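The values are calculated or read from the model by the stated rules, or taken from the named source; none is laboratory data. It should be emphasised that the depicted structure is a prediction, and the values quoted were computed from it without experimental measurement. No Cβ is skipped: glycine too gets one built from the backbone with ideal geometry, and neighbour counts run over all protein chains shown.
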Amino acid sequence: MARTDLTAVPVPRTGLDLTTALTPAIADGHMFVHSERRMLRVKNTNASARTVTVQIPATVDGQDIVDKPYVIPANTGDVLIPAFKPIYRQTNGKVYIDYSDPVGVSVVVLELPV
């Protein structure tokens with residue numbers, strides 16, 4: 001897969017206008033640099049619900065941990081996926097996001113202030 005990097009948008013202490021530009025989802029998925037201060041906003045304008053899956057590369061006793069799916073409701077789905085713990089970090093230091101179908105889905109990575 002040829003994933004595309006997402007750049008985190010800093011959330012200022014004064015608040016963030018949620019009309020901030022969202023990036024359209026793509027069939028190959030996205031990735032972003034891991035930080036426990038980052039979260040993912042996913043918006044779905046399609047008439048069908050969509051699933052966004054966050055890959056978990058870790059194992060326990062040699063067994064894979066199941067990736068984490070998030071269902072984004074149809075039409076006006078606007079979901080905030082909370083901060084990502086280290087278990088989500090790939091060997092390259094990034095978090096991988098996959099989409100069941102990218103049509104109508106858009107995303108933005110938000111970074112909380114320190």
Checklist entry - Can you tell which of VAL54, VAL71, VAL66 is farther than 22 Å from PRO113 by Cβ and out of contact with any strand residue (DSSP E or B) (no Cβ under 8 Å at 6 or more places or on another chain)? => result VAL66
Next on the checklist: It is to be established whether one or more residues within the range 27-39 are modelled with pLDDT of 95 or more, in a loop (DSSP other than H, G, I, E, B), more than 16 Å from ILE97 (Cβ to Cβ) and among the hydrophobic types (A, V, I, L, M, F, W, C).
Outcome noted: no
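Each row is one residue, and each column tells you yes or no for (1) within 11 Å of the chain's Cα centre (by Cα); (2) within 12 Å of GLY104 (Cα to Cα); (3) among the basic types (Lys, Arg).
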residue: ARG3; (1), (2), (3): no, no, yes
residue: PRO10; (1), (2), (3): no, no, no
residue: LEU16; (1), (2), (3): no, no, no
residue: ALA21; (1), (2), (3): no, no, no
residue: ALA25; (1), (2), (3): yes, yes, no
residue: MET31; (1), (2), (3): yes, no, no
residue: ARG38; (1), (2), (3): yes, no, yes
residue: ASN46; (1), (2), (3): no, yes, no
residue: VAL52; (1), (2), (3): yes, no, no
Checklist outcome for this item: Counting only residues that are farther than 15 Å from ALA8 by Cβ, of a type outside the set (Ser, Thr, Tyr) and assigned to a strand (DSSP E or B), the range 69-94 contains a total of 6
Item to check | Criterion (assigned to a strand (DSSP E or B) and not small (Gly, Ala, Ser)) met by exactly one of VAL66, VAL114, VAL109 | outcome: VAL109
Item to check | Single match in ILE56, ILE97 (criterion: modelled with pLDDT of 95 or more, buried (at least 17 other Cβ atoms within 10 Å of the Cβ) and part of a loop (DSSP other than H, G, I, E, B)) | outcome: ILE56
